[in-house]
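> Shown below is the structure under consideration.
None of the figures in this text is laboratory data; all of them are computed from the coordinates on show. Here the structure is a predicted model, which is why all the values come from computation and not from measurement. Cβ: placed from backbone, ideal geometry, glycine included. Neighbour counts: every protein chain shown.
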Protein chains: 4
Amino acid sequence: MKKLWDKGYDLNKTIESFTVGNDPILDKQLVKYDCIASIAHAKMLGKINLLSKDEVNELVHELNNIIDLDKTGEFNITQEQEDCHTAIEMFLTSKLGDIGKKIHTARSRNDQVLTALRLYYIDHIAIVEQSINRLTTSISNMSNKYGKIQFPGYTHMQKAMPSSFELWCNSFSDSMMDNLILLKTATKLVDQSPLGTAAGYGVPLNIDRKFTAEELQFSRVQENPIYTQYSRGKFEITILHILSQIMLDLNKIASDLILFSMPEFGYVKLPDEFCTGSSIMPQKKNPDVLELLRAKYHIVSSYEFQVSRLTSNLISGYNRDMQLTKEPIMNGFSVTLESLQIADLLFSNLKVNKQKCHDALTDELFATEKVYDLVKQGVPFRDAYLKVAKIINKI
Amino acid sequence: MKKLWDKGYDLNKTIESFTVGNDPILDKQLVKYDCIASIAHAKMLGKINLLSKDEVNELVHELNNIIDLDKTGEFNITQEQEDCHTAIEMFLTSKLGDIGKKIHTARSRNDQVLTALRLYYIDHIAIVEQSINRLTTSISNMSNKYGKIQFPGYTHMQKAMPSSFELWCNSFSDSMMDNLILLKTATKLVDQSPLGTAAGYGVPLNIDRKFTAEELQFSRVQENPIYTQYSRGKFEITILHILSQIMLDLNKIASDLILFSMPEFGYVKLPDEFCTGSSIMPQKKNPDVLELLRAKYHIVSSYEFQVSRLTSNLISGYNRDMQLTKEPIMNGFSVTLESLQIADLLFSNLKVNKQKCHDALTDELFATEKVYDLVKQGVPFRDAYLKVAKIINKI
Amino acid sequence: MKKLWDKGYDLNKTIESFTVGNDPILDKQLVKYDCIASIAHAKMLGKINLLSKDEVNELVHELNNIIDLDKTGEFNITQEQEDCHTAIEMFLTSKLGDIGKKIHTARSRNDQVLTALRLYYIDHIAIVEQSINRLTTSISNMSNKYGKIQFPGYTHMQKAMPSSFELWCNSFSDSMMDNLILLKTATKLVDQSPLGTAAGYGVPLNIDRKFTAEELQFSRVQENPIYTQYSRGKFEITILHILSQIMLDLNKIASDLILFSMPEFGYVKLPDEFCTGSSIMPQKKNPDVLELLRAKYHIVSSYEFQVSRLTSNLISGYNRDMQLTKEPIMNGFSVTLESLQIADLLFSNLKVNKQKCHDALTDELFATEKVYDLVKQGVPFRDAYLKVAKIINKI
Amino acid sequence: MKKLWDKGYDLNKTIESFTVGNDPILDKQLVKYDCIASIAHAKMLGKINLLSKDEVNELVHELNNIIDLDKTGEFNITQEQEDCHTAIEMFLTSKLGDIGKKIHTARSRNDQVLTALRLYYIDHIAIVEQSINRLTTSISNMSNKYGKIQFPGYTHMQKAMPSSFELWCNSFSDSMMDNLILLKTATKLVDQSPLGTAAGYGVPLNIDRKFTAEELQFSRVQENPIYTQYSRGKFEITILHILSQIMLDLNKIASDLILFSMPEFGYVKLPDEFCTGSSIMPQKKNPDVLELLRAKYHIVSSYEFQVSRLTSNLISGYNRDMQLTKEPIMNGFSVTLESLQIADLLFSNLKVNKQKCHDALTDELFATEKVYDLVKQGVPFRDAYLKVAKIINKI
């Protein structure tokens, strides 16, 4: 079995394992996208007469075949094949002989990987957007149900002024709306076709990059091949930044609810399914799910910083270091998506304890109101403030 | 002298220094913005009849006075005053007595700080955009001058295929264009008026938030006061992310040029002003400026990381931890701006050594072309590749 | 099947997957250590008469049985069991009935996990130490073989003064020696028995912590149960810091050799097995293995910072967030160990090109020597420096 | 005025400001250490007859003079001089003429900086150790005063089992003891004399490195000049790691006390000096000092991360990027030292509310005790656990 870059010597097993890493597993998520991109590429090669119509048809047929096999989990990537790109080319060659050997014409593994990843990103950003929309619906439902209930608003973790669940719920909906603005920008960035930039310096053939871009529904061609290579890593950092911002919202939701559900507060009751027990203390109902939700922000944000380091202090042109950006970006998507799902379940099942909220609305929360009663009577704000402060703090 | 929150007891000096930190210095950059915001606030208080027309005029007059004093460096913030907000209110009270004490009506230091910072961000993002435009002009000038010169394109730090300075220059212009998309998104996020959200739970008065938003040229009101508070920190992370992306471009430019200017390559000659000598080795011309340009990416990116940590695992509502986000964001802007200026100088003065570039275009760079000559003759790509590989690698 | 904390209600599948995470896979590495710790615990329970001699013997027998099964890969942890601790207790209960139910007496899952992890750390730190010793032997062999060959020493990526492979090799041996000092400190920290601290507040029984500590060959008992809990996370950060420092050495080795093996320098020749080809450019021999070695520093260092974030802003006492420290620490060890092995192979197979080194020793490298010739003749250093500078730089 | 590396051309002002950075301010902390190192260096030059006895005496005299001027703030470093090293050499030359020009014989600015920094580190690590000792004394005093008072121990932020202030206080003392182990290791690493390694490749003179090492009370000579250069950055990461670990303790102390001092708990009362008010809410007493203490962990830990990035992906030999490690390490020390002082004040003034603690010791905290009552009667642990769980959770 030959690797794409095979030149005749055997690789030490240790080194193989070191260089291949988790790619055979991670690349399962890319098989579909690589086939879609290869179909567009084959058609383009047909258009510029580097492939005959028949060759194109056979390649398209077998690539669709792989997509079907992949759907049912029947398309495998072996450790020896390293990645989905080799596995796909080998499949084509085994089926179609010389025709399979032609699919790599006018492209490099570099732009091939880039194209598959871009298609994966566009799809997954859309899935994140859908998850956010589902979540904001649940938040809105909760707000409709409990929104009018007032409870203490805190600053510095001290009771400040009266808040309400409407205010609290909407704060996260609004934040998620701003996250959607960020996601839209991410899509705008990645929505450029890298196909045809080859190894970062183009190909000495008259290829039609606009054609493949349109076939793959990219809005534009990413013209400069050096920037195209460089944008691997750079775009990933932006995507991970945005996923982190989403996770930061969930981190805050979790932090709030862990506190508010403590018996000392009792403003909310977590769904039973969100709690686990202790192996030694039979009374415990621990908010494990929320603790993990809180923690996962750090995981995703660390992925961003991992990639931001990997790509630094390196010269232009592909460097193999970039291979290691694949795992953090893919994990970033999966952690964010499962976390959004958990948050959706949370808002759908959270209960507010009206009585506890009411009891917590103690006098000092209304001090600012008292100041403004004086202000309305014409007392300068700063004097009114000091007057109320003296009464409350008994000084 | 009284602090805004003074309640009668003295603060230990150590603690004062710990809590005040660098604010008196950092806040110099905010005086102007806080005055502009206070003018809008005063006018709004006039509009809802909490201040008389005369009171508004006097406040506006003195706030403009402060803006003028600040321009010439005559407005000071003392350590005891802690920050610009107290300094400004104290100035007003010393000039206008009771009228000064009314300026804080219907706002909190929280929304006051947020408003000043937002105005600062909008301004500084615009300055960054201008700097990027200046830089891309210089890049374009360099490309016009040297663009046709070919030199080796590298992958894996190995000669790959022929590149050119046009290709190389444009890769960074294109990247900077995408940075402008990101900056536009940042502006969209921060372009929401926080004024009127007070300490994060609104004020019990019928204030006109739309009026102040329009006075301050914000596109929209940030309605939810809890989200408004929370977005301090969150927006800063996004801004710092984008500044980091700009710095990553400069990191790559510097990495390329440090290598290309090594005598072993000699493709470019750095301007003399970009090099320094050694205290022990008289022959040295070191690319110090580029090394620092490369390094500053890590500084700015670490600021992002710093803020992303500071804001985590905390409940909703203002927490004092947020104070520490001011230094990284302000430093982030100043490092990025000076680095863009340096990069501009760099592209304006860089020279290309045509001869060295030409000499470096050795045979192996054209191997891919040879493969495609065979492909054009009908040899399947993979076979053509192996044929050329055998010749070159003599196997 | 019952979880340790089962209280009767079913868990939503989504939530189960969210909370269990990768533990069933990661915990395979802990089975042995958990059994060893459980054996010591059972003996202690026998000593204080909470178990009979027979019960102890049966437990010890079955725990050794699990160790054997685990060696041959026959001990499984199901998704439902969540982790190795539940799997082991369930195995014991299925074999021994009521006796199995007694093994968890006087401990909590918290100190159980801590103990297994500590034993794992002590073992793996020792393995890292052995790997370092193997590596320094290879470095020393290389130095013996090629050490006398001179080549340019660089500062600021500019030729500075003559260096040699002896100097270069020894720089990394010396650094690795200092890494061993750090590892020794890590061992000193983790070499404290956490067993008996239960959930972080002890157990209301007269247990013998000194006995289990001695059985498990810990040097001391970690007395304070709150600190014991808190040190999960804190110790992991230190270990990951040290692994990062080892990886930083490898990052520098890789960075040096990627440059030195460029044809433009040619000071060294990488073993063929360390290079791969390109899918489009048949001439390429890319130093992929070194690029990945360089990149993996960032992976391990990011693990450290991941854990340093996870553990912050949380109150004392176990928080579930800590579960997510398991993956970075385990991956940290495995990446470091495989990287050390690669580095060992590298130094064992690296070749120096004497001719290329010799040719690169150009005149300017000896400028400092010329300065000191003048100094020896009595010229003040600064004047001698300027004199030589003028000659060299022709000014 | 001439810089150490001046070769005759003027530097653009922008570039000067970019390259000099904050060094003139930061270097104030290094003047003393650079003079001490220069004294040892001058004596060594005397010993090997590169300076006469008189020259040595004059240099030593003037260097001591600078130390005295520096003590009273009368020794200045101008922007033009860039750093303390140039300022000191220029001072010597202005006082002693040709003799001053000889002080730089047989060293480079590289080893000069390294030596001054090492002496600074050794001193400052010792100061941190003293601060920790003062803090643990205060913790111990608090434990003596309030240690017997019980209050709830938490896991998952839920009441778990009874704890006490003795247990709580000691957890931090014990952690600080382990921090001292780490600090000792840091000292061991930096306690190697770099003086004489020059620019990283030694000097072509027969200097006596052992002599200067002994003069400066270093335990050993750092032999390898390449490793010596490389250890700048690497050692800084370790120091910053350890300072971060200290700050993590303070982060946890602050997190605990912010919660415990909330009126909803009231276990402790913070000293008035640790609290500030609100500009809008007159009732507020906010734990600002603790919030900042919590936040500063992230500042210091980010410094570590910053340096760990700056030093990566670079080849051996000094790179100017290293200059930017000076600010994070110096700030790291100052933030840690002021934070330890604040923590000391905190433990000296904190009050425990015995009544609130007592009231919080509700029944469920004793569930584990009930389980062990059954265990003592012979019920298998797991059955006893389920029995008590059923009673408490009413299922």
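> Using 1/(1 + (r/R0)^6) with R0 = 56 angstrom and r between the beta carbons of B:D68 and B:D272, what's the FRET efficiency to the nearest 0.05?
Numbers: r = 42 Å, r/R0 = 0.75.
After rounding, the FRET efficiency stands at 0.85.
> Which value, in debye to the nearest 20, describes the size of the charge dipole of the protein assembly as shown about its Cα centre when Lys and Arg Cβ atoms bear +1, Asp and Glu Cβ atoms bear -1, and nothing else is charged? Intermediate results must be reported in sequence, preceding the final value.
On the way: 180 positive and 192 negative charges, 1 e Å.
The calculation lands at about 0 debye.
> Can you pull out the trypsin sites (Lys or Arg not before Pro) in region C:323-395 that DSSP calls coil and that have at most 15 other Cβ atoms within 10 Å? List each step's numbers first, then the result.
Numbers: sites: C:K326, C:K351, C:K354, C:K356, C:K370, C:K376, C:R382, C:K387, C:K390, C:K394; in loops: C:K394.
Those satisfying the criteria are C:K394.
> Before rounding to the nearest 500, sum -39500 (n - 2.57) across all DSSP H runs of length at least 4 in chain D and divide by the residue total; then give [θ] at 222 nm in deg cm²/dmol.
On the way: 15 runs with 249 residues, N = 395.
The helix-only estimate for chain D comes to -21000 deg cm²/dmol at 222 nm.
> Say the dipole of chain B comes from +1 at the beta carbon of Lys and Arg and -1 at that of Asp and Glu; which of B:H156, B:T311, B:G200 then lies farthest toward its positive end?
B:H156
> Enumerate the residues in region D:35-52 having an amide nitrogen under 17 Å from the point lying 7 Å beyond the Cα of D:E214 toward its Cβ.
Only D:40-49 fall inside the zone, counting backbone N under 17 Å.
> If amide hydrogens are placed 1.01 Å from N in the peptide plane, which non-local residues have theirs closer than 5 Å to the one on A:S278?
Counting only residues 5 or more places away or on other chains, the set is A:K284.
> Still on this structure, please answer the following. For region B:13-104, give the magnitude of the charge dipole about the Cα centre (Cβ charges: +1 Lys/Arg, -1 Asp/Glu; no others), in debye to the nearest 20.
Values: 10 positive and 16 negative charges, 65 e Å.
Here region B:13-104 has a charge dipole of around 300 debye.
> B:T137 to A:N206: FRET efficiency via 1/(1 + (r/R0)^6), r the Cβ-Cβ distance, R0 30 Å, to the nearest 0.05?
0.40
> Taking a spot 7 Å from the Cα of B:N349 along the direction of its beta carbon, which residues of region B:244-275 have an amide N less than 12 Å from it?
B:270-275
> What is the spin-label model distance, in nm, from C:K47 to C:E80 if the labels are put 7 Å beyond Cα along the C-beta direction?
Distance between label points: 3.8 nm.
> Around B:N251, under 9 Å between beta carbons, what's the net of Lys plus Arg minus Asp minus Glu among the other residues? Could you put the intermediate results ahead of the total?
Values: positive: B:K252, B:R294, B:K296; negative: B:D249.
Surrounding charge for B:N251 is +2.
> Ranking D:E223, D:E74 by Cβ neighbours within 10 Å, fewest first, what do you get? Intermediate values should be presented prior to the final figure.
Numbers: D:E223 15, D:E74 9.
Exposure proxy ranking, most exposed first: D:E74, D:E223.
> Something else now. Farthest toward the dipole's positive end in region A:242-349, which of A:M262, A:G332, A:M281, given Cβ charges of +1 (Lys, Arg) and -1 (Asp, Glu) about the Cα centre?
Towards the positive end, the residue furthest out is A:G332.
> Just check chain B against the gyration tensor rule for me: Cα atoms, a ≥ b ≥ c as the square roots of the eigenvalues, rounded for a/c under 1.5, and otherwise prolate or oblate depending on whether a/b exceeds b/c.
prolate
> Find how many whole Å separate the alpha carbon centroid of region C:164-228 from the alpha carbon centroid of region B:35-74.
63 Å
> Per-residue Cβ counts within 10 Å, from other chains only, averaged over B:373-386: what number is that?
On the way: counts 1, 0, 7, 3, 0, 2, 3, 10, 11, 12, 3, 4, 11, 6.
What the average comes to for B:373-386 is 5.
> I would also like to ask the following. By the gyration tensor of its Cα atoms, with a ≥ b ≥ c the square roots of the eigenvalues, what is the shape of the protein assembly as shown: rounded for a/c under 1.5, prolate for a/b over b/c, or oblate?
Rounded.
> Between D:N331 and C:E369, how many nm apart are label points set 7 Å from Cα along the C-beta direction?
For the pair D:N331/C:E369, the computed spacing is 4.4 nm.
> Using Cβ counts within 10 Å as a stand-in for footprinting exposure, how do B:H61, C:H85, C:H241 rank, fewest first? Each step should come with its number before you reach the end.
Working: B:H61 12, C:H85 23, C:H241 29.
In order of increasing Cβ crowding within 10 Å: B:H61, C:H85, C:H241.
> Evaluate peptide D:171-179: per residue, the Cβ atoms of other protein chains within 10 Å of its Cβ; return the mean as an integer. Can you show the working numbers first?
On the way: counts 11, 5, 2, 9, 6, 1, 1, 10, 2.
Other-chain Cβ atoms within 10 Å of each residue's Cβ, averaged: 5.
> Taking the Cα centre as origin and putting +1 on Lys and Arg beta-carbons and -1 on Asp and Glu beta-carbons, what dipole magnitude results for region D:64-221, to the nearest 20 debye?
Values: 16 positive and 18 negative charges, 105 e Å.
The calculation lands at about 500 debye.
> At 7 angstrom along the Cα-to-beta-carbon line, where would the label on B:N133 sit relative to the other copies? Give the distances in nm, shortest first.
In nanometres, ordered from closest: 3.6, 6.2, 6.6.
> Which distances, in nm and shortest first, link the D:S52 label point to the same label point in every other copy, taking 7 Å along Cα→Cβ?
8.7, 9.7, 9.8
> Taking the Cβ of each residue in B:K184, D:K269, A:K234, A:K13 as the centre, tally the other Cβ atoms inside 10 Å and list the residues starting with the fewest. It would help to have the intermediate numbers written out before the result.
Details: B:K184 14, D:K269 17, A:K234 21, A:K13 9.
Starting with the residue having the fewest Cβ neighbours, the order is A:K13, B:K184, D:K269, A:K234.
> Next up: With a/c under 1.5 counting as rounded, go ahead and sort region C:287-395 into rounded, prolate or oblate using the C-alpha gyration tensor (a ≥ b ≥ c being the square roots of the eigenvalues; past the cut-off, prolate if a/b is larger than b/c, else oblate). Each step should come with its number before you reach the end.
Details: a/c = 4.74, a/b = 2.11, b/c = 2.25.
In terms of gyration-tensor shape, oblate.
> Also: Roughly what would the spin-label model give for C:S17 and C:K148, points 7 Å off Cα along C-beta, in nm?
Label-label distance for C:S17 and C:K148, simple model: 6.6 nm.
> What is the distance in Å between the Cα centroid of region C:124-138 and that of region B:321-395?
Taking the Cα centre of each part, region C:124-138 and region B:321-395 sit 38 Å apart.
> Right, next: How high is the relative contact order of chain B, given as a whole-number percent (alpha carbon pairs under 8 Å, six or more residues apart)? Intermediate values should be presented prior to the final figure.
Numbers: 505 pairs, mean separation 66.2, N = 395.
It comes to 17 percent, rounded to a whole number.
> With respect to the symmetry axis carrying chain B onto chain C, which residue of chain B exhibits the smallest Cβ distance to that axis, and what is the value in whole Å?
B:N313, 2
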